[in-house]
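One structure is given here, and the rest of the page talks about it.
The values are calculated or read from the model by the stated rules, or taken from the named source; none is laboratory data. This is a predicted model, so every value here is computed, not measured. Here the Cβ is made from the backbone with ideal geometry for all residues, glycine too, and neighbour counts use every protein chain on show.
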Amino acid sequence: MIDCLVATAGGIEEDIMKVASNHILGNFDACPLHLLKSKIYRTGNVSLPWENYDDHLDAWLYPILDEMIEKQDTENFNWTPSQAIHFWGQKLEALPNHEESILYWCYKNKIPVFCPALTDGGIGDVLYYHSQFNADGEITLENINNGNPRSGLRLDITQDLMHLMSMCQHSSATGSFSMGSGVPKHHVLNANCMKMGLDYAVYVTTAQEFDGSDSGAEPREARAWCKLRPDCRAYKLQAEASLVCPLLIAKTFFKYKNVPDVLVKDLQVDGQQDNVPENTHKTNHSCSNRKK
């Protein structure tokens, strides 16, 4: 049902942190000096104690990065961001609240998670500090300018790009559901140029067209780039994603929550086959179990 996800670095790291700790509902007008003295970060109206990063991201990720470097060096393994995220999803299984993690469910269902800007956030900081202790030489500005030393862990973003674009190119039809916008939205659109555009697309975003960014661009702009096919069924919903997306997903899938896999596979995409059996046995791999 879902072939891949494309996420921001913030989406990846916050998924990890929320398994081990809670974020706090704050407000947009919180005093920055008070937050700084209280050791609290702010993302919009969400407050994140520093310990969420120090204790629940950095400390958890460091030994896992050690394992990844060992595999890289002993097996000549070529890590990509999506393979790293898959490995982290596997490691989350050891935590008590792992079923609250999207990364865990993607690992469980073998759904690749692409993150073209993985270093753009707290994970990037962890990778930088970890490389300080694992680089193959002295870290000076002069050495860095000359391409040395090599970092400890190396992530191959080009391999991930080939993976995603090949998935699009070899698909008879593709659809995209964009919650928010930015890099993930455009990464999916651009990859679908390989097949002359998406067949189905839904944008849910608060971004406006007048600022000239791809985040706020209307579907008609993507058609001009062959990111959407001329006959693509595309819709842009001007709304806040975390509010609207749960409602859209519930409306789409709730009626199928007790339908076995064998029937789900036969359901028509256009929604004409609505008379599904009630109170049927729910299997371990039904669409409702892919709730994340």
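Of the residues examined, I40 is not one that is surrounded by 15 or more Cβ atoms within 10 Å (Cβ to Cβ), modelled with pLDDT of 90 or more and in contact with a Gly (Cβ under 7 Å, 6 or more places away or on another chain). Taking the condition exposed (fewer than 14 other Cβ atoms within 10 Å of the Cβ), modelled with pLDDT of 95 or more and either more than 16 Å from the chain's Cα centre (by Cα) or part of a helix (DSSP H, G or I) (or both), does S172 pass? Criteria not met by S172. Checked against (1) free of Cβ contacts under 8 Å to residues at least 60 places away in the same chain; (2) touching a helix residue (DSSP H, G or I) at 6+ places or on another chain (Cβ under 7 Å), E75 meets all criteria but (2). H281 is checked against (1) within 25 Å of C168 (Cα to Cα); (2) modelled with pLDDT under 90 and fails just one. What number does that condition carry? Status for H281: all satisfied but (1). The set of residues from region 23-62 being among the hydroxyl-bearing types (S, T, Y) and farther than 19 Å from Y128 by Cβ comprises S38, T43, S47. T80: touching a His at 6+ places or on another chain (Cβ under 8 Å), within 24 Å of D125 (Cα to Cα) and of a type in the set (S, T, N, Q), yes or no? The answer is yes for T80. Of the residues making up region 17-53, those that are part of a loop (DSSP other than H, G, I, E, B) and among the polar types (S, T, N, Q) are S21, N22, N27, S38, N45. Whenever a residue of region 7-35 is more than 30 Å from C106 (Cα to Cα), its partners that are among the small types (G, A, S) and modelled with pLDDT under 95, lying with C-beta atoms within less than 9 angstrom and at least six residues away or across chains, give the pairs N27/S47; F28/G44; A30/S47; L35/G26; L35/S47.
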